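The values are calculated or read from the model by the stated rules, or taken from the named source; none is laboratory data. Predicted, not measured: the structure shown is a model, and the values here were computed from it. Cβ placement follows ideal geometry from the backbone for every residue including glycine, while neighbour counts extend to all protein chains displayed.
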Amino acid sequence: MSTTLITGGTVVSATGRAQADVLVDGERIVALISPGATPFGRIEADVTIDATGKYVIPGGVDAHTHMQLPFGGTNASDTFETGTRAAAWGGTTTIIDFAVQRYGERVQDGLARWHELAAGNCAIDYGFHQIIGGVDDDALKAMDTLVDEGITSYKLFMAYPGVFYSDDAQVLRAMQKATDHGLLTMMHAENGPAIDVLAAQLAESGKTSPYYHGIARAWQMEEEATHRAIMLADVAGAPLYVVHVSAKQAVEQLAGARDRGRNVFGETCPQYLYLSLEEQLGASSEEWGDFEGAKWVCSTPLRSREEGHQDAMWQALRTNDLQMVSTDHCPFCMKEQKELGKDDFRAIPNGIGSIEHRVDLLYQGVVTGQITLERWVELIATTPARMFGLYGRKGVIAPGADADIVVYDPAGHTSIGVGEGRTHHMNMDHSAWEGFEIDGHVDVVLSRGSVVVADGEFQGTKGHGSYLKRDLSQYLV
Ligand code: URP
Ligand code: ZN
Ligand code: ZN
Ligand code: ZN
(Lines give C-alpha, C1' and ligand atoms only; values in the text may rest on other atoms or scores of the structure.)
(Ligands and ions follow the chains in the order given, each with its own letter.)
Protein backbone atom coordinates (compact mmCIF):
# COMPACT_ATOMS: atom_id res chain seq x y z
CA MET A 1 0.00 0.00 0.00
CA SER A 2 1.45 3.35 -0.96
CA THR A 3 1.03 6.79 0.54
CA THR A 4 0.13 9.95 -1.35
CA LEU A 5 0.43 13.54 -0.18
CA ILE A 6 -1.55 16.26 -1.92
CA THR A 7 0.17 19.51 -1.05
CA GLY A 8 -0.53 23.22 -1.25
CA GLY A 9 -4.20 23.11 -2.20
CA THR A 10 -7.37 24.59 -0.77
CA VAL A 11 -9.51 21.79 0.62
CA VAL A 12 -13.16 22.60 0.03
CA SER A 13 -16.03 20.93 1.85
CA ALA A 14 -19.77 21.62 1.98
CA THR A 15 -19.21 23.83 5.00
CA GLY A 16 -15.95 25.66 4.38
CA ARG A 17 -12.51 25.83 2.88
CA ALA A 18 -9.00 25.67 4.33
CA GLN A 19 -5.40 25.43 3.23
CA ALA A 20 -4.38 21.87 4.00
CA ASP A 21 -2.25 19.01 2.75
CA VAL A 22 -4.11 15.73 2.39
CA LEU A 23 -2.39 12.50 3.35
CA VAL A 24 -3.63 9.27 1.82
CA ASP A 25 -2.54 5.85 3.01
CA GLY A 26 -3.66 3.05 0.73
CA GLU A 27 -7.32 3.55 -0.10
CA ARG A 28 -8.15 6.00 2.70
CA ILE A 29 -7.56 9.58 3.71
CA VAL A 30 -5.63 9.52 6.99
CA ALA A 31 -4.91 13.17 7.75
CA LEU A 32 -5.46 16.80 6.83
CA ILE A 33 -2.37 18.78 7.74
CA SER A 34 -1.99 22.55 8.08
CA PRO A 35 0.64 23.87 5.70
CA GLY A 36 4.02 23.88 7.43
CA ALA A 37 2.87 21.76 10.35
CA THR A 38 4.83 18.56 10.89
CA PRO A 39 2.90 16.67 13.55
CA PHE A 40 4.53 13.35 12.68
CA GLY A 41 7.92 14.75 11.74
CA ARG A 42 8.53 15.50 8.12
CA ILE A 43 6.05 13.56 6.02
CA GLU A 44 7.51 11.53 3.21
CA ALA A 45 4.95 10.02 0.89
CA ASP A 46 5.50 7.64 -2.01
CA VAL A 47 3.68 10.02 -4.33
CA THR A 48 3.36 13.80 -3.99
CA ILE A 49 0.78 15.77 -5.95
CA ASP A 50 1.23 19.52 -6.11
CA ALA A 51 -2.13 21.25 -5.80
CA THR A 52 -0.81 24.78 -5.30
CA GLY A 53 -3.43 27.28 -6.40
CA LYS A 54 -6.01 24.55 -6.87
CA TYR A 55 -9.06 23.21 -5.09
CA VAL A 56 -8.96 19.79 -3.48
CA ILE A 57 -12.51 18.47 -3.38
CA PRO A 58 -14.24 15.14 -2.71
CA GLY A 59 -14.78 13.12 -5.88
CA GLY A 60 -18.14 13.73 -7.49
CA VAL A 61 -21.06 11.43 -6.70
CA ASP A 62 -23.46 11.11 -9.62
CA ALA A 63 -26.58 9.53 -8.17
CA HIS A 64 -28.50 9.12 -11.42
CA THR A 65 -26.98 7.20 -14.34
CA HIS A 66 -28.27 4.65 -16.85
CA MET A 67 -25.43 2.60 -18.31
CA GLN A 68 -26.72 0.25 -21.01
CA LEU A 69 -30.37 1.07 -20.21
CA PRO A 70 -32.74 -0.77 -22.58
CA PHE A 71 -35.01 1.97 -23.94
CA GLY A 72 -37.00 2.49 -27.12
CA GLY A 73 -35.73 -0.66 -28.83
CA THR A 74 -32.05 0.00 -28.16
CA ASN A 75 -29.61 0.31 -25.24
CA ALA A 76 -27.95 3.39 -23.81
CA SER A 77 -24.60 3.57 -25.58
CA ASP A 78 -22.24 3.78 -22.60
CA THR A 79 -21.28 0.50 -20.99
CA PHE A 80 -20.15 0.45 -17.38
CA GLU A 81 -16.62 0.46 -18.76
CA THR A 82 -16.91 3.47 -21.08
CA GLY A 83 -19.32 5.39 -18.84
CA THR A 84 -17.30 5.11 -15.63
CA ARG A 85 -14.12 6.04 -17.51
CA ALA A 86 -15.80 9.18 -18.82
CA ALA A 87 -17.08 9.90 -15.31
CA ALA A 88 -13.52 9.72 -13.95
CA TRP A 89 -12.30 12.09 -16.66
CA GLY A 90 -14.82 14.59 -15.37
CA GLY A 91 -14.07 14.26 -11.66
CA THR A 92 -16.85 11.87 -10.71
CA THR A 93 -15.65 8.93 -8.61
CA THR A 94 -18.95 7.31 -7.62
CA ILE A 95 -22.04 6.54 -9.65
CA ILE A 96 -25.36 5.14 -8.56
CA ASP A 97 -26.89 3.42 -11.56
CA PHE A 98 -30.40 2.06 -11.94
CA ALA A 99 -30.81 -1.71 -12.00
CA VAL A 100 -33.89 -2.46 -14.08
CA GLN A 101 -36.90 -4.67 -13.42
CA ARG A 102 -39.52 -4.64 -16.13
CA TYR A 103 -43.09 -5.92 -16.14
CA GLY A 104 -43.21 -9.72 -16.01
CA GLU A 105 -39.62 -9.94 -14.79
CA ARG A 106 -38.43 -10.83 -11.28
CA VAL A 107 -36.73 -7.98 -9.41
CA GLN A 108 -33.98 -10.38 -8.32
CA ASP A 109 -33.26 -11.32 -11.94
CA GLY A 110 -33.09 -7.69 -13.06
CA LEU A 111 -30.72 -6.90 -10.22
CA ALA A 112 -28.54 -9.94 -10.92
CA ARG A 113 -28.26 -8.86 -14.56
CA TRP A 114 -27.12 -5.39 -13.48
CA HIS A 115 -24.44 -6.87 -11.24
CA GLU A 116 -23.23 -8.94 -14.22
CA LEU A 117 -23.06 -5.86 -16.45
CA ALA A 118 -21.09 -3.80 -13.93
CA ALA A 119 -18.84 -6.26 -12.10
CA GLY A 120 -15.23 -6.11 -13.23
CA ASN A 121 -15.93 -3.31 -15.70
CA CYS A 122 -15.98 -0.09 -13.69
CA ALA A 123 -13.12 2.38 -13.27
CA ILE A 124 -14.75 3.94 -10.20
CA ASP A 125 -17.04 2.71 -7.41
CA TYR A 126 -20.69 2.12 -8.11
CA GLY A 127 -23.92 1.43 -6.31
CA PHE A 128 -27.43 0.67 -7.54
CA HIS A 129 -30.94 1.95 -7.14
CA GLN A 130 -33.64 -0.49 -8.21
CA ILE A 131 -36.14 0.44 -10.93
CA ILE A 132 -39.43 -1.29 -10.20
CA GLY A 133 -41.05 -1.22 -13.62
CA GLY A 134 -43.79 -3.68 -12.79
CA VAL A 135 -45.30 -3.37 -9.32
CA ASP A 136 -47.08 -6.64 -8.53
CA ASP A 137 -47.21 -8.93 -5.48
CA ASP A 138 -43.95 -10.59 -6.45
CA ALA A 139 -42.11 -7.28 -6.92
CA LEU A 140 -43.47 -5.93 -3.64
CA LYS A 141 -42.18 -9.02 -1.85
CA ALA A 142 -38.78 -8.57 -3.49
CA MET A 143 -38.62 -5.07 -2.00
CA ASP A 144 -38.30 -6.77 1.42
CA THR A 145 -34.72 -7.79 0.64
CA LEU A 146 -33.40 -4.69 -1.15
CA VAL A 147 -31.79 -3.18 1.95
CA ASP A 148 -29.85 -6.44 2.51
CA GLU A 149 -28.52 -6.05 -1.04
CA GLY A 150 -27.24 -2.57 -0.19
CA ILE A 151 -30.01 -0.94 -2.21
CA THR A 152 -31.81 1.64 -0.12
CA SER A 153 -33.66 3.54 -2.85
CA TYR A 154 -35.80 2.53 -5.79
CA LYS A 155 -37.43 4.31 -8.72
CA LEU A 156 -41.02 4.34 -9.93
CA PHE A 157 -42.34 5.91 -13.12
CA MET A 158 -45.58 7.83 -13.44
CA ALA A 159 -44.55 8.17 -17.12
CA TYR A 160 -43.88 5.74 -19.98
CA PRO A 161 -47.14 3.67 -20.09
CA GLY A 162 -46.43 0.16 -21.34
CA VAL A 163 -42.75 0.41 -20.43
CA PHE A 164 -41.98 1.30 -16.80
CA TYR A 165 -45.29 2.96 -15.82
CA SER A 166 -46.97 2.49 -12.45
CA ASP A 167 -50.55 3.67 -11.84
CA ASP A 168 -51.51 5.39 -8.58
CA ALA A 169 -52.54 2.13 -6.92
CA GLN A 170 -49.17 0.59 -7.70
CA VAL A 171 -47.34 3.71 -6.56
CA LEU A 172 -49.19 3.72 -3.25
CA ARG A 173 -48.55 0.04 -2.58
CA ALA A 174 -44.83 0.41 -3.35
CA MET A 175 -44.57 3.49 -1.15
CA GLN A 176 -46.20 1.67 1.74
CA LYS A 177 -43.60 -1.05 1.33
CA ALA A 178 -40.87 1.60 1.27
CA THR A 179 -42.16 2.95 4.57
CA ASP A 180 -41.83 -0.51 6.11
CA HIS A 181 -38.14 -0.70 5.20
CA GLY A 182 -36.93 2.92 5.21
CA LEU A 183 -36.40 2.87 1.45
CA LEU A 184 -36.31 6.17 -0.40
CA THR A 185 -38.80 6.36 -3.27
CA MET A 186 -37.38 8.08 -6.34
CA MET A 187 -40.13 9.28 -8.63
CA HIS A 188 -40.23 10.05 -12.34
CA ALA A 189 -43.05 12.54 -11.96
CA GLU A 190 -44.82 13.14 -15.26
CA ASN A 191 -48.40 12.22 -16.15
CA GLY A 192 -47.58 9.55 -18.74
CA PRO A 193 -51.08 8.62 -19.94
CA ALA A 194 -52.02 12.27 -20.57
CA ILE A 195 -48.68 12.94 -22.28
CA ASP A 196 -49.29 9.99 -24.60
CA VAL A 197 -52.65 11.48 -25.67
CA LEU A 198 -51.03 14.83 -26.49
CA ALA A 199 -48.11 13.16 -28.25
CA ALA A 200 -50.43 11.06 -30.43
CA GLN A 201 -52.51 14.12 -31.36
CA LEU A 202 -49.38 16.07 -32.33
CA ALA A 203 -47.95 13.20 -34.38
CA GLU A 204 -51.27 12.60 -36.15
CA SER A 205 -51.41 16.26 -37.18
CA GLY A 206 -47.95 15.97 -38.77
CA LYS A 207 -46.00 17.52 -35.89
CA THR A 208 -43.38 14.78 -35.72
CA SER A 209 -40.08 16.64 -35.13
CA PRO A 210 -38.17 16.47 -31.82
CA TYR A 211 -39.45 19.89 -30.79
CA TYR A 212 -42.91 18.38 -30.23
CA HIS A 213 -41.50 15.97 -27.66
CA GLY A 214 -41.17 19.07 -25.47
CA ILE A 215 -44.63 20.36 -26.37
CA ALA A 216 -46.32 17.04 -25.53
CA ARG A 217 -44.55 16.86 -22.17
CA ALA A 218 -45.96 20.16 -20.94
CA TRP A 219 -44.95 21.53 -17.54
CA GLN A 220 -48.51 20.95 -16.31
CA MET A 221 -47.81 17.21 -16.70
CA GLU A 222 -44.81 17.50 -14.42
CA GLU A 223 -46.47 19.76 -11.87
CA GLU A 224 -49.52 17.54 -11.63
CA ALA A 225 -47.55 14.32 -11.21
CA THR A 226 -45.20 15.93 -8.69
CA HIS A 227 -48.19 17.03 -6.64
CA ARG A 228 -49.76 13.57 -6.87
CA ALA A 229 -46.51 11.88 -5.87
CA ILE A 230 -46.19 14.17 -2.83
CA MET A 231 -49.75 13.38 -1.76
CA LEU A 232 -49.38 9.63 -2.24
CA ALA A 233 -46.10 9.67 -0.30
CA ASP A 234 -47.80 11.63 2.46
CA VAL A 235 -50.59 9.06 2.72
CA ALA A 236 -48.05 6.24 2.75
CA GLY A 237 -45.84 8.01 5.28
CA ALA A 238 -42.95 7.60 2.86
CA PRO A 239 -40.12 9.99 2.08
CA LEU A 240 -39.98 11.08 -1.55
CA TYR A 241 -37.19 12.10 -3.90
CA VAL A 242 -38.27 13.52 -7.26
CA VAL A 243 -35.74 12.93 -10.03
CA HIS A 244 -34.85 15.16 -12.98
CA VAL A 245 -36.99 18.15 -11.99
CA SER A 246 -37.20 20.70 -14.81
CA ALA A 247 -40.41 22.73 -14.39
CA LYS A 248 -40.48 25.70 -12.05
CA GLN A 249 -44.03 24.71 -11.10
CA ALA A 250 -42.77 21.29 -9.96
CA VAL A 251 -40.21 23.04 -7.75
CA GLU A 252 -43.04 25.07 -6.25
CA GLN A 253 -44.80 21.83 -5.35
CA LEU A 254 -41.67 20.50 -3.69
CA ALA A 255 -40.98 23.76 -1.87
CA GLY A 256 -44.57 23.89 -0.58
CA ALA A 257 -44.38 20.32 0.71
CA ARG A 258 -41.04 21.00 2.40
CA ASP A 259 -42.48 24.14 3.99
CA ARG A 260 -45.21 21.92 5.44
CA GLY A 261 -42.51 19.74 6.96
CA ARG A 262 -42.68 16.86 4.50
CA ASN A 263 -39.71 14.60 3.84
CA VAL A 264 -39.59 15.59 0.18
CA PHE A 265 -36.47 16.15 -1.93
CA GLY A 266 -35.59 16.92 -5.51
CA GLU A 267 -32.71 16.83 -7.94
CA THR A 268 -32.20 18.70 -11.15
CA CYS A 269 -29.68 18.00 -13.93
CA PRO A 270 -27.22 20.21 -15.85
CA GLN A 271 -29.43 20.16 -18.95
CA TYR A 272 -32.26 21.88 -17.06
CA LEU A 273 -29.90 24.58 -15.83
CA TYR A 274 -28.38 25.43 -19.20
CA LEU A 275 -30.40 24.15 -22.17
CA SER A 276 -33.85 25.02 -23.47
CA LEU A 277 -36.82 23.94 -25.56
CA GLU A 278 -36.31 26.73 -28.07
CA GLU A 279 -32.52 26.57 -28.52
CA GLN A 280 -31.95 22.81 -28.39
CA LEU A 281 -35.16 20.84 -29.09
CA GLY A 282 -36.00 23.44 -31.71
CA ALA A 283 -32.52 23.37 -33.29
CA SER A 284 -31.84 22.54 -36.91
CA SER A 285 -28.58 21.73 -38.70
CA GLU A 286 -27.25 21.05 -42.18
CA GLU A 287 -26.61 17.43 -41.28
CA TRP A 288 -29.88 16.60 -39.55
CA GLY A 289 -32.36 19.38 -40.45
CA ASP A 290 -34.91 19.83 -37.69
CA PHE A 291 -34.06 16.34 -36.44
CA GLU A 292 -31.00 17.99 -34.84
CA GLY A 293 -33.17 18.50 -31.75
CA ALA A 294 -33.18 14.73 -31.17
CA LYS A 295 -29.81 15.12 -29.45
CA TRP A 296 -31.69 16.71 -26.58
CA VAL A 297 -34.79 14.53 -26.38
CA CYS A 298 -35.02 13.51 -22.76
CA SER A 299 -37.74 13.28 -20.12
CA THR A 300 -38.62 15.43 -18.34
CA PRO A 301 -37.96 17.64 -21.40
CA LEU A 302 -35.92 20.78 -21.79
CA ARG A 303 -38.15 23.70 -20.92
CA SER A 304 -38.86 27.10 -22.43
CA ARG A 305 -36.32 29.74 -21.49
CA GLU A 306 -38.99 32.43 -21.96
CA GLU A 307 -40.93 30.84 -19.11
CA GLY A 308 -37.91 31.09 -16.81
CA HIS A 309 -37.51 27.45 -15.77
CA GLN A 310 -33.69 27.51 -15.94
CA ASP A 311 -33.41 30.51 -13.62
CA ALA A 312 -35.87 28.84 -11.27
CA MET A 313 -33.65 25.73 -11.09
CA TRP A 314 -30.61 27.83 -10.13
CA GLN A 315 -32.66 29.66 -7.55
CA ALA A 316 -33.96 26.40 -6.07
CA LEU A 317 -30.39 25.13 -5.77
CA ARG A 318 -29.56 28.23 -3.76
CA THR A 319 -32.62 28.01 -1.51
CA ASN A 320 -32.25 24.24 -1.04
CA ASP A 321 -35.68 23.56 -2.50
CA LEU A 322 -33.65 21.30 -4.79
CA GLN A 323 -30.86 19.53 -2.95
CA MET A 324 -28.53 18.17 -5.58
CA VAL A 325 -27.55 17.82 -9.23
CA SER A 326 -27.26 14.45 -10.98
CA THR A 327 -26.83 13.89 -14.69
CA ASP A 328 -29.53 11.32 -15.57
CA HIS A 329 -26.76 10.16 -17.91
CA CYS A 330 -28.54 8.14 -20.60
CA PRO A 331 -26.60 8.51 -23.86
CA PHE A 332 -27.76 7.48 -27.31
CA CYS A 333 -25.95 8.03 -30.61
CA MET A 334 -27.70 9.93 -33.38
CA LYS A 335 -26.83 7.24 -35.93
CA GLU A 336 -28.96 4.10 -35.53
CA GLN A 337 -30.27 5.11 -32.10
CA LYS A 338 -31.88 8.58 -31.98
CA GLU A 339 -32.50 7.99 -35.71
CA LEU A 340 -35.13 5.39 -34.80
CA GLY A 341 -37.43 8.38 -34.33
CA LYS A 342 -36.53 10.21 -37.53
CA ASP A 343 -40.17 10.28 -38.66
CA ASP A 344 -41.84 10.39 -35.26
CA PHE A 345 -40.49 11.97 -32.09
CA ARG A 346 -42.27 9.31 -30.03
CA ALA A 347 -39.74 6.72 -31.22
CA ILE A 348 -36.63 8.71 -30.26
CA PRO A 349 -34.89 7.00 -27.32
CA ASN A 350 -34.98 9.43 -24.40
CA GLY A 351 -31.77 10.61 -22.82
CA ILE A 352 -28.74 12.89 -22.80
CA GLY A 353 -25.14 12.01 -21.94
CA SER A 354 -23.48 14.32 -19.40
CA ILE A 355 -21.64 12.15 -16.90
CA GLU A 356 -18.29 13.64 -17.89
CA HIS A 357 -19.30 17.26 -17.51
CA ARG A 358 -21.42 17.65 -14.37
CA VAL A 359 -18.59 18.82 -12.10
CA ASP A 360 -17.36 21.35 -14.68
CA LEU A 361 -20.83 22.57 -15.62
CA LEU A 362 -21.81 23.17 -12.01
CA TYR A 363 -18.56 24.94 -11.34
CA GLN A 364 -19.72 27.58 -13.84
CA GLY A 365 -22.34 28.46 -11.25
CA VAL A 366 -19.47 29.42 -8.93
CA VAL A 367 -17.78 31.40 -11.71
CA THR A 368 -20.96 33.36 -12.42
CA GLY A 369 -21.74 33.88 -8.74
CA GLN A 370 -24.91 31.80 -8.68
CA ILE A 371 -23.65 29.38 -6.02
CA THR A 372 -20.75 29.37 -3.57
CA LEU A 373 -17.72 27.11 -3.81
CA GLU A 374 -19.00 25.18 -0.81
CA ARG A 375 -22.46 24.77 -2.29
CA TRP A 376 -20.83 23.41 -5.47
CA VAL A 377 -19.16 20.65 -3.45
CA GLU A 378 -22.38 20.01 -1.57
CA LEU A 379 -24.47 19.69 -4.75
CA ILE A 380 -22.09 17.43 -6.66
CA ALA A 381 -20.68 15.23 -3.89
CA THR A 382 -21.72 15.70 -0.27
CA THR A 383 -25.50 15.72 -0.51
CA PRO A 384 -25.67 12.84 -3.01
CA ALA A 385 -23.51 10.81 -0.61
CA ARG A 386 -25.72 11.66 2.36
CA MET A 387 -28.98 11.24 0.46
CA PHE A 388 -28.04 7.76 -0.68
CA GLY A 389 -26.27 6.30 2.33
CA LEU A 390 -22.63 6.71 1.34
CA TYR A 391 -21.54 9.65 3.47
CA GLY A 392 -18.39 9.17 5.50
CA ARG A 393 -16.98 6.88 2.83
CA LYS A 394 -17.84 9.27 -0.02
CA GLY A 395 -18.66 12.96 -0.36
CA VAL A 396 -16.12 14.36 2.09
CA ILE A 397 -12.39 14.87 2.55
CA ALA A 398 -11.78 13.71 6.11
CA PRO A 399 -9.72 11.09 7.90
CA GLY A 400 -11.32 7.69 7.42
CA ALA A 401 -13.05 8.56 4.15
CA ASP A 402 -12.23 6.78 0.92
CA ALA A 403 -9.50 8.68 -0.91
CA ASP A 404 -11.79 9.75 -3.76
CA ILE A 405 -10.27 13.15 -4.47
CA VAL A 406 -10.28 15.68 -7.30
CA VAL A 407 -7.66 18.38 -7.78
CA TYR A 408 -9.56 21.11 -9.60
CA ASP A 409 -7.75 23.97 -11.29
CA PRO A 410 -9.85 27.16 -11.29
CA ALA A 411 -7.36 28.77 -13.66
CA GLY A 412 -7.62 25.87 -16.12
CA HIS A 413 -9.91 25.66 -19.12
CA THR A 414 -11.98 22.89 -20.67
CA SER A 415 -13.48 22.93 -24.17
CA ILE A 416 -16.31 20.43 -24.33
CA GLY A 417 -17.29 18.55 -27.45
CA VAL A 418 -16.32 15.93 -30.03
CA GLY A 419 -14.72 18.54 -32.28
CA GLU A 420 -10.94 18.93 -32.75
CA GLY A 421 -9.11 19.91 -29.56
CA ARG A 422 -12.17 19.36 -27.43
CA THR A 423 -12.91 16.97 -24.58
CA HIS A 424 -15.36 14.08 -24.87
CA HIS A 425 -14.88 10.51 -23.64
CA MET A 426 -18.45 9.25 -23.54
CA ASN A 427 -19.45 6.59 -26.05
CA MET A 428 -21.60 8.84 -28.22
CA ASP A 429 -21.26 10.18 -31.75
CA HIS A 430 -22.14 13.71 -30.64
CA SER A 431 -22.08 15.85 -27.53
CA ALA A 432 -25.13 17.54 -26.07
CA TRP A 433 -22.61 20.09 -24.77
CA GLU A 434 -20.67 20.77 -27.97
CA GLY A 435 -19.06 24.20 -27.87
CA PHE A 436 -19.35 24.76 -24.13
CA GLU A 437 -16.25 26.56 -22.82
CA ILE A 438 -15.54 25.84 -19.17
CA ASP A 439 -13.59 28.01 -16.75
CA GLY A 440 -11.84 25.36 -14.70
CA HIS A 441 -10.26 21.98 -15.25
CA VAL A 442 -10.22 18.57 -13.60
CA ASP A 443 -6.48 18.00 -13.20
CA VAL A 444 -6.06 14.92 -11.02
CA VAL A 445 -8.57 12.30 -9.91
CA LEU A 446 -8.03 9.65 -7.26
CA SER A 447 -10.36 6.73 -6.70
CA ARG A 448 -9.76 4.94 -3.38
CA GLY A 449 -6.19 6.19 -3.36
CA SER A 450 -5.35 5.22 -6.95
CA VAL A 451 -4.67 7.91 -9.51
CA VAL A 452 -7.22 7.42 -12.31
CA VAL A 453 -6.68 10.71 -14.17
CA ALA A 454 -3.53 12.85 -14.24
CA ASP A 455 -1.36 14.70 -16.75
CA GLY A 456 -4.19 14.70 -19.27
CA GLU A 457 -4.28 10.91 -19.31
CA PHE A 458 -6.60 8.23 -18.07
CA GLN A 459 -4.49 6.10 -15.72
CA GLY A 460 -7.25 3.99 -14.15
CA THR A 461 -8.14 0.39 -14.76
CA LYS A 462 -11.27 -1.43 -15.72
CA GLY A 463 -12.37 -3.38 -12.67
CA HIS A 464 -10.83 -1.08 -10.05
CA GLY A 465 -14.33 0.17 -9.18
CA SER A 466 -16.21 -1.95 -6.69
CA TYR A 467 -19.83 -2.35 -5.68
CA LEU A 468 -21.00 -0.11 -2.84
CA LYS A 469 -23.54 -1.52 -0.45
CA ARG A 470 -25.37 1.57 0.68
CA ASP A 471 -26.83 2.47 4.06
CA LEU A 472 -30.22 4.08 4.52
CA SER A 473 -30.45 7.74 3.55
CA GLN A 474 -29.08 10.05 6.20
CA TYR A 475 -31.73 12.65 5.38
CA LEU A 476 -34.66 10.67 6.64
CA VAL A 477 -36.00 11.13 10.14
O1 URP B 1 -34.80 10.87 -20.80
C2 URP B 1 -34.47 10.21 -19.83
N3 URP B 1 -34.53 10.77 -18.65
N4 URP B 1 -34.01 8.96 -19.97
C5 URP B 1 -33.63 8.08 -18.93
C6 URP B 1 -34.78 7.42 -18.26
C7 URP B 1 -35.37 8.27 -17.18
O8 URP B 1 -36.57 8.53 -17.21
O9 URP B 1 -34.67 8.68 -16.27
ZN1 ZN C 1 -36.98 9.22 -15.30
ZN1 ZN D 1 -33.06 8.61 -15.38
ZN1 ZN E 1 -5.36 21.87 -15.67
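Summary of values
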{"read-out": "Number of positions in region 118-146 that are out of contact with any Asp or Glu (no Cβ under 9 Å at 6 or more places or on another chain), within 30 Å of I405 (Cα to Cα) and crowded, with 17+ Cβ neighbours inside 10 Å", "value": "2"}
{"read-out": "Options E356, E307, E278; residue that is acidic (D, E) and part of a helix (DSSP H, G or I)", "value": "E278"}
{"read-out": "Among (1) within 16 Å of ligand 4 (Cβ to nearest atom); (2) more than 29 Å from S466 (Cα to Cα); (3) buried (at least 22 other Cβ atoms within 10 Å of the Cβ) - the single one E437 does not satisfy", "value": "(3)"}
{"read-out": "Q68 being under 21 Å from S299 (Cβ atoms), of a type outside the set (V, I, T) and part of a loop (DSSP other than H, G, I, E, B)", "value": "yes"}
{"read-out": "Pick from region 375-414, criterion β-branched (V, I, T) and within 16 Å of ligand 4 (Cβ to nearest atom), ranking: surrounded by the most Cβ atoms within 10 Å (Cβ to Cβ)", "value": "I405"}
{"read-out": "Yes/no for V171 being among the β-branched types (V, I, T), closer than 20 Å to L146 by Cβ and surrounded by 17 or more Cβ atoms within 10 Å (Cβ to Cβ)", "value": "yes"}
{"read-out": "Checklist (1) touching a Lys or Arg at 6+ places or on another chain (Cβ under 8 Å); (2) surrounded by 15 or more Cβ atoms within 10 Å (Cβ to Cβ) applied to T65, failing item", "value": "(1)"}
{"read-out": "Any chance A257 is over 19 Å from the mean Cα position of the chain (by Cα) and free of Cβ contacts under 8 Å to residues at least 40 places away in the same chain", "value": "yes"}
{"read-out": "Looking only at region 304-354, and only at residues there that are surrounded by 23 or more Cβ atoms within 10 Å (Cβ to Cβ) and free of Cβ contacts under 8 Å to residues at least 60 places away in the same chain, the one that is nearest to L281 (Cα to Cα)", "value": "K338"}
{"read-out": "Condition check for T327: closer than 30 Å to G412 by Cβ and either assigned to a helix (DSSP H, G or I) or away from ligand 4 (no atom under 16 Å from the Cβ) (or both)", "value": "yes"}
{"read-out": "Among the residues listed as T179, T226, the single one being in a helix (DSSP H, G or I), away from ligand 4 (no atom under 16 Å from the Cβ), under 21 Å from the mean Cα position of the chain (by Cα) and of a type outside the set (D, E)", "value": "T226"}
{"read-out": "Candidate set: region 74-96, residues that are in contact with a Leu (Cβ under 9 Å, 6 or more places away or on another chain) and within 14 Å of ligand 1 (Cβ to nearest atom); chosen: the one nearest to S466 (Cα to Cα)", "value": "I96"}
{"read-out": "Selection count, region 46-70, where residues are hydrophobic (A, V, I, L, M, F, W, C) and either away from ligand 1 (no atom under 14 Å from the Cβ) or at pLDDT below 95 (or both)", "value": "6"}
{"read-out": "Hey, Y126 under 16 Å from the mean Cα position of the chain (by Cα), among the hydroxyl-bearing types (S, T, Y) and more than 26 Å from A236 (Cα to Cα) or not", "value": "yes"}
{"read-out": "First in region 143-168 and at positive phi, second anywhere and more than 13 Å from ligand 1 (Cβ to nearest atom) and at pLDDT 95 or above, Cβ under 8 Å, 6 or more apart", "value": "G150/G127; G150/F128; G150/Y467; G150/L468; G150/K469; G150/R470"}
{"read-out": "Matching residues, region 71-103, being of a type in the set (S, T, Y) and outside any strand (DSSP E or B)", "value": "S77, T79, T82, T84, Y103"}
{"read-out": "Counted residues, region 461-471 - those being surrounded by 16 or more Cβ atoms within 10 Å (Cβ to Cβ) and over 13 Å from Y126 (Cβ atoms)", "value": "1"}
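Residue by residue, here is whether (1) over 14 Å from D125 (Cα atoms); (2) part of a loop (DSSP other than H, G, I, E, B); (3) touching a His at 6+ places or on another chain (Cβ under 7 Å); (4) not aliphatic (A, V, I, L, M) holds:
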position: A18; (1), (2), (3), (4): yes, no, no, no
position: I29; (1), (2), (3), (4): yes, no, no, no
position: L32; (1), (2), (3), (4): yes, no, no, no
position: A37; (1), (2), (3), (4): yes, yes, no, no
position: E44; (1), (2), (3), (4): yes, yes, no, yes
position: T52; (1), (2), (3), (4): yes, yes, no, yes
position: V61; (1), (2), (3), (4): no, no, no, no
position: E105; (1), (2), (3), (4): yes, yes, no, yes
position: D109; (1), (2), (3), (4): yes, no, no, yes
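One line per residue, one yes/no per condition, for (1) crowded, with 24+ Cβ neighbours inside 10 Å; (2) farther than 26 Å from T368 by Cα; (3) away from ligand 3 (no atom under 16 Å from the Cβ); (4) free of Cβ contacts under 8 Å to residues at least 24 places away in the same chain:
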| residue | (1), (2), (3), (4) |
| --- | --- |
| H213 | yes, yes, no, no |
| W219 | no, yes, yes, no |
| V235 | no, yes, yes, no |
| K248 | no, no, yes, no |
| Y272 | yes, no, no, no |
| E279 | no, no, yes, no |
| D290 | no, yes, yes, no |
